[in-house]
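**Student:** What follows is a structure written as structure tokens; I'll ask about it next.
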Amino acid sequence: MAAALASSRCCCSRPSLPPLPTRGRRSVARCALSGGEKRNPLSWKECAISVALSVGLITGAPTFGSPAYASPLEPVLPDVSVLISGPPIKDPGALLRYALPIDNKAIREVQKPLEDITDSLKVAGVRALDSVERNIKQASRALNNGRSLILAGLAEPKRANGEELLNKLAVGLDELQRIVEDRNRDAVAPKQKELLQYVGTVEEDMVDGFPYEIPEEYSTMPLLKGRATVDMKVKIKDNPNIEDCVFRIVLDGYNAPVTAGNFIDLVERKFYDGMEIQRADGFVVQTGDPEGPAEGFIDPSTGKIRTVPLEIMVDGDKAPVYGETLEELGRYKAQTKLPFNAFGTMAMAREEFDDNSASSQVFWLLKESELTPSNANILDGRYTVFGYVTENEDYLADVKVGDVIESIQVVSGLDNLVNPSYKIVG
């Protein structure tokens, strides 16, 4: 049925992959979106990704294994004692934490039971809080036992900050314990989120410099050597009850430095500001196709479309692979560091038969477990993922074609951008 749906849409003439959407910004709780969708004729770009998504529902080969903890020095095999077992990770925050190039078992043993609270809260009735209490005790014990190892893993300049965060984490665990004792179920998830933010920041402070050399052919391009956060403000045209909606996205330059750097550079050029959402069909939300005949960003210094290579980081590898899909490399069972697992996964669109043709068109995947199961679609290893919407991602499903991106702004991490071309040419 999915394949039939995709083929019925492919009545296009241009041999190009889908024009995909822009990045997100942190959307506020008032983002209750609605309104009718305005549709444009589908291009071959749109058709190709529809086919890819549809075929993936039927023939996608699942990947195997659990998240590995990357090391700056050598591939690291996953430590099964701290990996999450069971279904694949779908939470964007957890995906970003596990994607960091660190190898510190002690902090992961604190992280895992805190993340497990989400599943504990799915249990009905009082038993949920009993399960949460076990998670808290496990995390507290791991923090107490592993504190010295966690501190030893911090980059030297960030050790004092890390120690302060661990103190806040310990206090927060005690506060969460009291919340459970008071049987205040509604207060558990917000406190859990706060504690995981502490954990994530500690883990980021463990990264000491950029962990690998970028290939020389891409080394002069805009590069994001680390992470950055952007906010995207979208004007919802067809909903009189809301003026705008803001999405927050974390860009991962550790695993996709060329792609994320290209995007941040375009953001600083205000390339996406005022651009309409160009596709919203239940599979993806997309934008980035500028007005005029060009299907990407034209670099003023060359007069040509600036493109970036396909860039895929595989679990256990020291650096990304460039210019070839994992299928072309014969790595059928390899698991990507940034998988298409989360609602609001952000990736680059490209020409169907040209791995290195991405430019400015980006898209967010709208995950539906029945339609595009995690680790069971053909997108992983074929398209460059470089970030996740981390706040108000659910509202992406309500964004319509014709809604306007009022602005995308860098909230943090701009200092991680190397070779910014926007400073050279306007």
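The values are calculated or read from the model by the stated rules, or taken from the named source; none is laboratory data. Note that the structure is a prediction, hence the values are computed from the model and not measured. Note: ideal-geometry Cβ built from the backbone for every residue, glycine included; neighbour counts use all protein chains shown. Heavy atoms of the whole protein, side chains included, go into the accessibility calculation; ligands, DNA and RNA do not. Shrake-Rupley method; radii C 1.70, N 1.55, O 1.52, S 1.80 Å.
**Student:** Which pairs turn up if I take residues in segment 144-172 that are of a type in the set (Phe, Trp, Tyr) and look for partners that are exposed (fewer than 13 other Cβ atoms within 10 Å of the Cβ) and assigned to a loop (DSSP other than H, G, I, E, B) with beta carbon separation below 8 Å, at least 6 apart in sequence or on another chain?
**Tutor:** none
**Student:** Say whether the condition of being closer than 21 Å to Asn392 by Cβ and open to solvent by 40 Å² or more (accessible area, probe 1.4 Å) is met by at least one residue in segment 321-338.
**Tutor:** No, segment 321-338 has no match at all.
**Student:** Also: Under 28 Å from Arg97 (Cα atoms), in a loop (DSSP other than H, G, I, E, B), open to solvent by less than 30 Å² (accessible area, probe 1.4 Å) and not basic (Lys, Arg) - does that describe any residue in segment 296-304?
**Tutor:** No, segment 296-304 contains no residue that is under 28 Å from Arg97 (Cα atoms), in a loop (DSSP other than H, G, I, E, B), open to solvent by less than 30 Å² (accessible area, probe 1.4 Å) and not basic (Lys, Arg).
**Student:** For segment 309-344, which residues satisfy the criterion of being without any contact (Cβ under 8 Å) to a residue 60 or more places away in the chain and either acidic (Asp, Glu) or not assigned by the TED database to the domain that holds Leu365 (or both)?
**Tutor:** Glu324, Glu327, Glu328
Conditions (1) part of a loop (DSSP other than H, G, I, E, B); (2) outside the structural domain of Val404 (by the TED database); (3) touching a strand residue (DSSP E or B) at 6+ places or on another chain (Cβ under 8 Å); (4) open to solvent by 50 Å² or more (accessible area, probe 1.4 Å), marked per residue:
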{"residue": "Lys193", "(1), (2), (3), (4)": "no, yes, no, yes"}
{"residue": "Leu196", "(1), (2), (3), (4)": "no, yes, no, no"}
{"residue": "Val202", "(1), (2), (3), (4)": "no, yes, no, no"}
{"residue": "Ala228", "(1), (2), (3), (4)": "no, no, yes, no"}
{"residue": "Lys233", "(1), (2), (3), (4)": "no, no, yes, yes"}
{"residue": "Pro240", "(1), (2), (3), (4)": "yes, no, no, yes"}
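**Student:** When the residues of segment 383-410 are narrowed to those that are in a strand (DSSP E or B) and among the β-branched types (Val, Ile, Thr), which ends up farthest from Leu223 (Cα to Cα)?
**Tutor:** Here the residue is Val404.
**Student:** With the requirement that a residue be more than 10 Å from Val230 (Cα to Cα) and in a strand (DSSP E or B), what does segment 411-424 give you?
**Tutor:** Residues satisfying the conditions are Leu417, Val418.
**Student:** So Asp289 clears everything in (1) surrounded by fewer than 23 Cβ atoms within 10 Å (Cβ to Cβ); (2) more than 29 Å from Gln335 (Cβ to Cβ); (3) not aromatic (Phe, Trp, Tyr) except one condition, right? Which one?
**Tutor:** (1)
**Student:** Same structure, new question: Looking at segment 207-219, I want the residues that are not assigned by the TED database to the domain that holds Tyr254 and assigned to a loop (DSSP other than H, G, I, E, B) and have a partner that is polar (S, T, N, Q) and surrounded by 15 or more Cβ atoms within 10 Å (Cβ to Cβ) with Cβ atoms under 6 Å, at least 6 apart or on another chain. Which pairs are those?
**Tutor:** Every condition considered, no pair remains.
**Student:** Answer yes or no as to whether Phe263 is part of a loop (DSSP other than H, G, I, E, B) and open to solvent by less than 50 Å² (accessible area, probe 1.4 Å).
**Tutor:** It is false that Phe263 is part of a loop (DSSP other than H, G, I, E, B) and open to solvent by less than 50 Å² (accessible area, probe 1.4 Å).
**Student:** Can you go through Thr390, Thr384, Thr345 and tell me which one is at pLDDT 95 or above, within 22 Å of Lys318 (Cβ to Cβ) and not charged (D, E, K, R)?
**Tutor:** Criteria check complete, one pass: Thr384.
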